[in-house]
Amino acid sequence: MKAEKMGFNKMNVPCAACFFRMKTALARINTDDEIAEEVYRIIGGKPVDDIHVVHERKARYVDEKKCTGCGECAEKCPVLVSSEYNTGLAEEKAISRRYLQAVPSAFAIRKDGRSPCRAACPAEQRAQGYIAVISEKRFEDAYRTIVRENPFPSVCGRVCKHYCEEECTRGRVDEPVSIMKLKQFVSDWVYANNVTITEKNITFEEETGVKGIKPVAIIGSGPAGLAAARDLAQMGHRVTVFESLPFAGGMMRVGVPLFRLPWKRLDWDIENILDGNIELKTNTRIESIHKLFEEGFGAVFIATGAHKRKKLPIPGSDLPQVLIGTEMLRSIALSKEISLGKNVLVLGGGNVAMDVARTALREDAESVKIACLESREKLPADPWKVSSGEKEDITILPSKSFLEIVSTEGRLEGVRCIDIFSKDSMRTGARKSRKSKVQNAY
């Protein structure tokens, strides 16, 4: 049973509570075991001093050794929950002291399950935390909350699949909370107001000054490499990041168009990471892992990314005019000359295909079409990206499967396709497929 449920509350504590509290305090002093505030069962004995306390300990999510019990955390906490010790008749902050005379006096965080948005996020970002802080217009604190778990708020506020919104409980009522846009808003606010926030002045639970640890080499400065560099630096490691390109960012830099992710915002996120005493060496290609160990590195983390793609296994895919979408975006980001022609056909209906198509228009293509296997209603690309593409006069040719890329004397003519029909259309007597050709695609 819990001592707090013996007929008293925080404001009215009987003598019995003090008696049990003194016993638990003495046990805490005289033994190595920590006595929890949650008393599970009390076994009385004769004489009265012969009392045994059976207890279970719940996670506090607060370091007792560092907590002074000042209560400042509760003042700043934006989350209210029903008070367990007042049978739900009152509210208290999600972080609080269990009761006024609790032993120990450290605060504890109450967690009721796991939020669906966090469970859906690959980075396990606690979106509900920074959204609650945003609601109080504490934008700098919200930014600090975000970067504890995600070092790329400016990037993820613009380029993110936002699975969290798909699982948002609010969507059962009307619409999900715009979690991604809120992240973008906070990062833009901090950027616009010139708030200086670097890894050095953000408080983390970290171990610094660790002796005898060899430096760590990280190959690649994409999201995985830079995130690992930040985490290792916080643990006290000396980190060096090697990048073969002239600048850091990886696929964030060369795989995302500028109209979706401005480089100045990407650079800002990267600078905040590198301010944590991380060395970056660009234009440095690593050919031998063994050589890094010979140079004194104690560990190597390989984060080279996925820059290469395969072409479709159909005739004509090896023609020089047939480009891979990610390689096209990379060439444009690196300011390499690339000839697209006046008419462009993009094969695929995902987000990358939409980026490639919209980029082609900005590279002076006059006509851009997208042909994809999926139906118009089941395009894998985000609906808002599809809508943006259509507003820019991009034509979508759905339900196409590709047979071959047609050429005449090395000159690209078009793509021969098969029209795909859904099961519903087949029930009406339509054929499963029929051959067609997308004329004048290039």
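The values are calculated or read from the model by the stated rules, or taken from the named source; none is laboratory data. All values derive from a computational prediction rather than experimental measurement. Note: ideal-geometry Cβ built from the backbone for every residue, glycine included; neighbour counts use all protein chains shown.
Annotations
- Apart from one condition, Ala333 fits all of (1) exposed (fewer than 15 other Cβ atoms within 10 Å of the Cβ); (2) modelled with pLDDT of 90 or more; the exception is (1).
- Being surrounded by 14 or more Cβ atoms within 10 Å (Cβ to Cβ), in a loop (DSSP other than H, G, I, E, B) and at pLDDT 85 or above is a property that holds for Ala106.
- Glu390 outside any loop (DSSP other than H, G, I, E, B) and of a type in the set (Asp, Glu): yes
- Among residues of region 141-154, those that are in a helix (DSSP H, G or I) and either of a type in the set (Asp, Glu) or touching an Asp or Glu at 6+ places or on another chain (Cβ under 6 Å) (or both), counted: 2
- Selection within region 158-183: residues that are in contact (Cβ under 8 Å) with a residue 40 or more places away in the chain and crowded, with 18+ Cβ neighbours inside 10 Å. The member of this set that is farthest from Leu258 (Cα to Cα) is Cys168.
- The set of residues in region 299-339 that are aliphatic (A, V, I, L, M) and out of contact with any strand residue (DSSP E or B) (no Cβ under 9 Å at 6 or more places or on another chain) comprises Ala306, Leu323, Ile324, Met328, Leu329, Ile332, Ala333, Leu334, Ile338.
- Those helices (runs of 4 or more DSSP H) lying entirely in region 231-316 with at least 3 residues under 21 Å from Ala123 (Cα atoms): 251-254, 263-274
- Exactly one residue out of Val190, Val195, Val159 is of a type in the set (A, V, I, L, M), more than 15 Å from the chain's Cα centre (by Cα) and assigned to a loop (DSSP other than H, G, I, E, B), and it is Val195.
- The set of residues from region 113-140 being buried (at least 22 other Cβ atoms within 10 Å of the Cβ) and either at pLDDT 95 or above or assigned to a loop (DSSP other than H, G, I, E, B) (or both) comprises Cys121, Gln125.
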